[in-house]
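A quick write-up on the structure given underneath.
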Amino acid sequence: MDFASLLGFLSGLALIIGAIFIGGDADLFVNVPGMMIVFGGTWAATLLTVRFTDVTAAFRAAYIVFTRDDTDQQKMIDTMLQLSKISHRNGLLALSKVETNSKFLQRACMLIAEASTEEMVRTTLQTEIDSLMVRHYAVQDVFKKMAMYAPAFGMLGTLIGLIQMLSNLTDPATIGPAMAVALLTTFYGSLLSSMVFLPIAGKLRRRTQVQITNLEIIREGTLSILSNDHYANVYERLSSYIPEVKRKPLTRHTGANTVKEPTL
Amino acid sequence: MDFASLLGFLSGLALIIGAIFIGGDADLFVNVPGMMIVFGGTWAATLLTVRFTDVTAAFRAAYIVFTRDDTDQQKMIDTMLQLSKISHRNGLLALSKVETNSKFLQRACMLIAEASTEEMVRTTLQTEIDSLMVRHYAVQDVFKKMAMYAPAFGMLGTLIGLIQMLSNLTDPATIGPAMAVALLTTFYGSLLSSMVFLPIAGKLRRRTQVQITNLEIIREGTLSILSNDHYANVYERLSSYIPEVKRKPLTRHTGANTVKEPTL
Amino acid sequence: MDFASLLGFLSGLALIIGAIFIGGDADLFVNVPGMMIVFGGTWAATLLTVRFTDVTAAFRAAYIVFTRDDTDQQKMIDTMLQLSKISHRNGLLALSKVETNSKFLQRACMLIAEASTEEMVRTTLQTEIDSLMVRHYAVQDVFKKMAMYAPAFGMLGTLIGLIQMLSNLTDPATIGPAMAVALLTTFYGSLLSSMVFLPIAGKLRRRTQVQITNLEIIREGTLSILSNDHYANVYERLSSYIPEVKRKPLTRHTGANTVKEPTL
Amino acid sequence: MDFASLLGFLSGLALIIGAIFIGGDADLFVNVPGMMIVFGGTWAATLLTVRFTDVTAAFRAAYIVFTRDDTDQQKMIDTMLQLSKISHRNGLLALSKVETNSKFLQRACMLIAEASTEEMVRTTLQTEIDSLMVRHYAVQDVFKKMAMYAPAFGMLGTLIGLIQMLSNLTDPATIGPAMAVALLTTFYGSLLSSMVFLPIAGKLRRRTQVQITNLEIIREGTLSILSNDHYANVYERLSSYIPEVKRKPLTRHTGANTVKEPTL
Amino acid sequence: MDFASLLGFLSGLALIIGAIFIGGDADLFVNVPGMMIVFGGTWAATLLTVRFTDVTAAFRAAYIVFTRDDTDQQKMIDTMLQLSKISHRNGLLALSKVETNSKFLQRACMLIAEASTEEMVRTTLQTEIDSLMVRHYAVQDVFKKMAMYAPAFGMLGTLIGLIQMLSNLTDPATIGPAMAVALLTTFYGSLLSSMVFLPIAGKLRRRTQVQITNLEIIREGTLSILSNDHYANVYERLSSYIPEVKRKPLTRHTGANTVKEPTL
């Protein structure tokens, strides 16, 4: 799990729980019917909004995004440079025997080896990038919807509590505690939204941006290899994707060894 | 009806009703004039905003989206591959006799059989996709508008209740129940918006995205068949539309039988 | 006036007034200074925001949209098919003598008759569509701005009322009625926004979409006629603009008679 | 100053002040520390957000937009037609001696006289239009930011007032007036936003749209003159930018005299 | 540090602190648990949402934007004109020896000197501009997210305070101070958002726009130099990027000396 997320989650939890304990009895903040309304309502409205497969895909994506690291863009450029070298040494066909752990890159290599036209390679890879964006957006959307429903059901729970309390004002001493209970659902809803759903949606969105850039580097690199560009030109074209301060001089790129070169 | 939606709707209903019954008398939550303001006001404002045909189209679309399944994208690719095989075996003209349950696909086949140019096929199918998006958007918009009007009329109802109560504060004992009644319309409006209108609008939007992808697969497949691409190339071009993990190897596609092949 | 709008407006009015009368004295809801703040403030801020000609154009557009019907897209296609037939029978020049009630169509016919190039026709008609969109958007914007200002001035009125009441709390019996009066402006602002300005803005937006589609049908039909397409191809190209279920077979289109054919 | 804005501003001011005086003592609505928080806070946050030059540019633009009139689009077309006539009579070079009060038009004339290519003219004028949009947007943004900060600092002032009042509840008689004072900053912030900043931002946005259309007319007219189009064709091309009902027949355009023709 | 920002920050601080001191005891506004919830919660949620490297990059960018000045667009044009002169005098190769403090410009010079095609130069520089926008957007997004989380955790803190107070209403005298403390977190959250996070996000966005224009001037200037345009044409093409009133006549551009010319 990446360090920042772990730190963020634990410190956030500690702060909220700490603030609750400093103020007194923590039991005040546990109310099972209120939790049912907020958690259950959010869950129900989400299931109504999206398909079940979208929900499972969303939770799988959230798990991946917090446990696995991004592929570094620098490393991706190194990989493409290595492939350029292989293609210059052994011909384009040799790329079909390269092994990588990115299915997208593997496919790009296959397209080169099959002697596809530039037009065909560009369209195929771009279509794949576009449809990946559509799918990733659908996944983020699940958490954005949850971040919208959670406070809404929090407010609904508070309204239910207020209506019940106000209809029955016989004993003034019960007003305070009853209102406290009513406010709890708003608290649950806001907390869920701000500490869980919005951060996950934001993280997924950010990760998608990084991935798209990686795929674009592969696409441009593939097209550069296909048109038999000089090694230095491939580097020139791809290095535009990373900030100036992070660019390594071309000579330091040669040590990379991220693809398993085929034994010919 | 799809399982997730059914589960979502029933569990959501059960939770809200459960929470109401736990808190006491459920009669508190029934108020006919309040319902009239929220339901009626939302309905009236929606009729003012859109045309009557849009409203009926919207409800028909909502019914379809919760009862009929999406066409699977994998299956759509299988269909296009089968058509590619037919066109290679029997010529492009044979496609005019193919029978499918998608009017869009049927039309694409007719365009091929009529020896249209690639430009003509692409423009015609793209125009159809674009105008489908415009129409679907108009339909989603009906529910988005309702999701906006429902809480607005809920608040208007609460304002009416509060104004009437505040003008007439003679008996302090009536303040609580009167405020409870006033808050009911806010409750109705929020519940309608979060449990009914927003989920339907979200579901329609999601379904449109899936359908657009299907139509794009048909468009690209049709263009691929028209330019007499090799069977494997048709597969290559179309498989970009589905995620890597769901792609079947080409050999497993041949068993599909989703279009009724013409007997020649 | 279109039926849905009339029904919507009357039923909405009836519901709100009904709800007010059920709760008691309707006089409670009339407060002249409050109305002055909300109506006048909205009007003043709108005049500051837009030009006077935009306001008059907006009200004229609102009047038109609720009294005149849309041109049916099916009918528009019929018209273009009829023009295609005329041009095949009598030559392109004959189109200059056709009479229609659409200035845009008339202009498209003139452009054909003047032997303009395809590029010229496409650019001229597209510019006209684009500048129509810009103007229509400006008109919708007037009502969107009003829908934004009305609740804002409602809240300002309530703040004025609350500040006056709170500064002068000598007699507790007056607190309730004073707050009721203060809340009235919020009520006026929200009602105006939800029942008047938002529906008009929504209706205008919807109408613009329908009109744009009609103009696009004319543009595509004109280009199709200009390039001397076969009658069936004109039909093929234009029918993409309407949903599958509404498409009439080509043979049923011939009866239409929406343009006054020139007597040659 | 344009009449609608003046009317809007005066009537708005009169209404708010009238409503305040009807309710009693107007002194209630003057609170210097509150004004300092709202005016000063908005000013401070704006200076932090944008550059000082942007703020001065914004106020200069606001002054211009309320004092000077738009150039009429009809007049702009007349000007371009006149230039077309001059270029046909005296040659393209004659345009270099034309004098207008629009720097953009002057530049377009220079570009023609310098025998630039169509590509060069189009790119240069389009770049100028695009960078004008970017600059105008930055200016509108200053007022949009102010319209966002003003209510935020209004709320902050109210929070400060409430916190001070609630900490010191010894004398119940002071609660009302203290709350009234606390609410004043919210009143100031909302009033500033709705009566000043939002209208100015809206007006600037509208004005930009009108200007852009004027510049587009110049761009298209220049290109039309450059390609030596017939006078009637220039008119045809440009009249698409104005609504049908406002188009004058070509013959009525000749009287215009908006550019100072060079004496040759 | 730029003057406007300093002035803005100091005056804003002074106003808020002044308003607090005028109202009485400033100790009222210090509450350590409340600060922990708002600051800590915002920090935790931000760390969950973005990557740690994004946060550090964001703070570094914020530091730069408030301490270093923009490059003036006028100066950038001067630089490009000087480069144009060098290339005309000493040939395109001479540009490889030019020294500037902009890495982007240095790279553009290298691309020219390496005899790249126009297509290659345009694509490479455009890709760099695009990926700079993506990265800058990610940095602004960190502060936008913080501006969203701060008030949310402010409200959560207030809810915690209210719930604790309401559950324990034994002594009426404590209600006021307890509510004051509860409201403090909302105050902290709003103040942080309006005085710190929103201004920084706005400033970064504005700065990005200015930088993008500068990079576009370099891109266009480079392409103009590459196609061996006349000095006056380079000026013509680039001056479109700055407003008319700021354009210097071409003759006054020659004195600039912003790049270190190579000694040949």
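Things worth noting here:
- Among the residues of region B:167-187, those that are open to solvent by less than 20 Å² (accessible area, probe 1.4 Å) and either of a type in the set (A, V, I, L, M, F, W, C) or modelled with pLDDT of 90 or more (or both) comprise B:180, B:182, B:184, B:185, B:187.
- Which listed residue is assigned to a helix (DSSP H, G or I), open to solvent by 10 Å² or more (accessible area, probe 1.4 Å), touching a residue at least 24 places away in the same chain (Cβ under 8 Å) and more than 9 Å from chain D (Cβ to nearest Cβ), from E:144, E:248: E:144
- Checked against the criterion of being of a type outside the set (Phe, Trp, Tyr) and surrounded by 14 or more Cβ atoms within 10 Å (Cβ to Cβ), the candidates A:14, A:44 yield just one match: A:44.
- Here residue E:22 passes the criteria (1) within 8 Å of another protein chain (Cβ to nearest Cβ); (2) open to solvent by less than 20 Å² (accessible area, probe 1.4 Å); (3) closer than 28 Å to residue D:164 by Cα; (4) β-branched (Val, Ile, Thr) except the one numbered (2).
- Screening the candidates E:28, E:15, E:6, E:47 for the property of being within 19 Å of the chain's Cα centre (by Cα) and within 11 Å of another protein chain (Cβ to nearest Cβ) yields one hit, E:6.
- Within region C:54-72, considering residues that are among the charged types (D, E, K, R) and assigned to a helix (DSSP H, G or I), the one most open to solvent (accessible area, probe 1.4 Å): C:60
- Screening region C:182-235 for residues that are of a type in the set (Asp, Glu) and in contact with a Lys or Arg (Cβ under 8 Å, 6 or more places away or on another chain) and picking the one that is farthest from residue D:187 (Cα to Cα) gives C:229.
- Cβ-Cβ distances below 7 Å connect the following pairs, each with a first residue in region D:92-113 that is of a type in the set (Lys, Arg), a second residue that is open to solvent by less than 40 Å² (accessible area, probe 1.4 Å) and not in a helix (DSSP H, G or I), and a separation of six or more residues or different chains: D:97/D:262.
- Boolean, residue E:108 is assigned to a helix (DSSP H, G or I) and buried (at least 23 other Cβ atoms within 10 Å of the Cβ): yes
- Selection count where residues are closer than 11 Å to residue E:77 by Cβ and surrounded by fewer than 21 Cβ atoms within 10 Å (Cβ to Cβ), scope region E:225-235: 0
- Put simply, of A:156, A:162 the only residue that is assigned to a helix (DSSP H, G or I) and either open to solvent by less than 10 Å² (accessible area, probe 1.4 Å) or under 30 Å from residue B:207 (Cα atoms) (or both) is A:156.
- Residue C:225 at pLDDT 80 or above and under 24 Å from the mean Cα position of the chain (by Cα): no
- Top-ranked residue in region B:31-41 [being more than 7 Å from chain C (Cβ to nearest Cβ) and open to solvent by 10 Å² or more (accessible area, probe 1.4 Å); ranked as nearest to the chain's Cα centre (by Cα)]: B:39
- Search result, residues across region E:73-105 that are among the polar types (S, T, N, Q), farther than 29 Å from residue A:246 by Cβ and open to solvent by 40 Å² or more (accessible area, probe 1.4 Å): E:90
The values are calculated or read from the model by the stated rules, or taken from the named source; none is laboratory data. Being a predicted model, the structure only gives us computed values, none of them experimental. All Cβ positions, even for glycine, are placed from backbone atoms using ideal geometry, and neighbour counts span all protein chains on display. Quick note on the areas: whole protein, heavy atoms, side chains included, nothing else; ligands and nucleic acids left out. Shrake-Rupley method; radii C 1.70, N 1.55, O 1.52, S 1.80 Å.
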